[in-house]
Amino acid sequence: MAAPAQSTTQPGGGKRKGKAQYVLAKRARRCDAGGPRQLEPGLQGILITCNMNERKCVEEAYSLLNEYGDDMYGPEKFTDKDQQPSGSEGEDDDVEAALKKEVGDIKASTELRLRRFQSVESGANNVVFIRTLGIEPEKLVHHILQDMYKTKKKKTRVILRMLPISGTCKAFLEDMKKYAQTFLEPWFKTPNKGTFQIVYKSRNNSHVNREEVIRELAGIVCTLNSENKVDLTNPQYTVVVEIIKAVCCLSVVKDYMLFRKYNLQEVVKSPKDPSQLNSKQGNGKEAKLESADKSDQNNTAEGKNNQQVPENTEELGQTKPASNPQVVNEGGAKPELASQATEGSKSNENDLS
């Protein structure tokens, strides 16, 4: 067990600070710069997985997001220090009015330090979180993937997947249930409805049960509107659940399967067999299994690291709600598909362990 940092006595009689004290002071200075420095509840942003190079990933993310952010929302506006609001202009006879003006100036100067995109510590290796301010992350990421899907132009080298995060909460089941009740309403509450699936991924967390989370969230979706149905082949909406340490990241995205699970490396590739992307044609069960086999073969042939392996298991694990008779009311091949996918997920997890 490591001994706690101790202060050492200098020749002059003073004490030199320990390493831990310097680290705490450095973190305090970072927080004073404006905005959170690590992933926490109450944030919006973009969760990005990378290929063993987080620094390069952040650089690519800033370049890509600023390019498309300027296209959608216009260039980011900056204010020089000399142009920052100041309360020294003019004399106020009323002390209360002068105080309010000073408080407003402080708030304005704080807002000027917050950027539209800001990298924060995610709490997991090979994962980068970019906090967004005044941006709708799901629309921005969908726009990026849609453009790359059409042009087939590769714009990143180390970024693998880019998932929008519309909200974060504490990663405890009760907190997640309470948060999801209102979070999921814009997509699934009457009169809104649609088919859906749930994809789940957990990192550096052992106290949350995957089956319980999927079952509870699927139950909430069906409670909001009884016409919401599970579709594991071609859903209208995909509920993304990403848990990192004690923070749960949630989002609802469209075209999840069309855009190759929001993988920027795969979405620019031209498929050899276009029928595999059209999940409406042929047997849905066979198309699902064939696409999964293709993905595994591509990852092996390209020599990618094991960072993408857990991401394949999360997609297989998404089918767990289909085994719940209260969620899937339809017959046919869906229960069979759910059981096969769940067994595949368990076998992959055993291989990884």
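The values are calculated or read from the model by the stated rules, or taken from the named source; none is laboratory data. None of these values were measured; they are calculated from a predicted model. Every residue, glycine as well, gets a Cβ built from its backbone with ideal geometry; the counts of neighbours run over all protein chains shown. Accessible surface areas use protein heavy atoms only, side chains included; no ligands, DNA or RNA. Shrake-Rupley method; radii C 1.70, N 1.55, O 1.52, S 1.80 Å.
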request  = Being open to solvent by 70 Å² or more (accessible area, probe 1.4 Å) and hydroxyl-bearing (Ser, Thr, Tyr) is the filter here, so list the residues in the range 133-152 that pass it.
outcome  = Thr151
inquiry  = So for the range 178-199 (the condition being at pLDDT 95 or above, more than 21 Å from Cys248 (Cα to Cα) and touching a Phe, Trp or Tyr at 6+ places or on another chain (Cβ under 6 Å)), does at least one residue qualify?
reply    = yes
query = Only one residue in Thr238, Thr168, Thr223 is hydroxyl-bearing (Ser, Thr, Tyr) and without any contact (Cβ under 8 Å) to a residue 12 or more places away in the chain, so which one is that?
reply = Thr223
request  = Considering only the range 64-83, state which residues are at pLDDT below 90 and either surrounded by 12 or more Cβ atoms within 10 Å (Cβ to Cβ) or assigned to a helix (DSSP H, G or I) (or both).
outcome  = Glu76, Thr79, Lys81, Asp82, Gln83
ask   = When the range 168-184 is examined, which residues are found to be open to solvent by 90 Å² or more (accessible area, probe 1.4 Å) and in a strand (DSSP E or B)?
value = Lys170
query = Does Arg203 satisfy the criteria of being in contact (Cβ under 8 Å) with a residue 40 or more places away in the chain, open to solvent by less than 30 Å² (accessible area, probe 1.4 Å) and under 30 Å from Asn125 (Cα atoms)?
reply = yes
key: Top-ranked residue in the range 44-63 [being surrounded by fewer than 20 Cβ atoms within 10 Å (Cβ to Cβ) and aliphatic (A, V, I, L, M); ranked as nearest to the chain's Cα centre (by Cα)]   = Val58
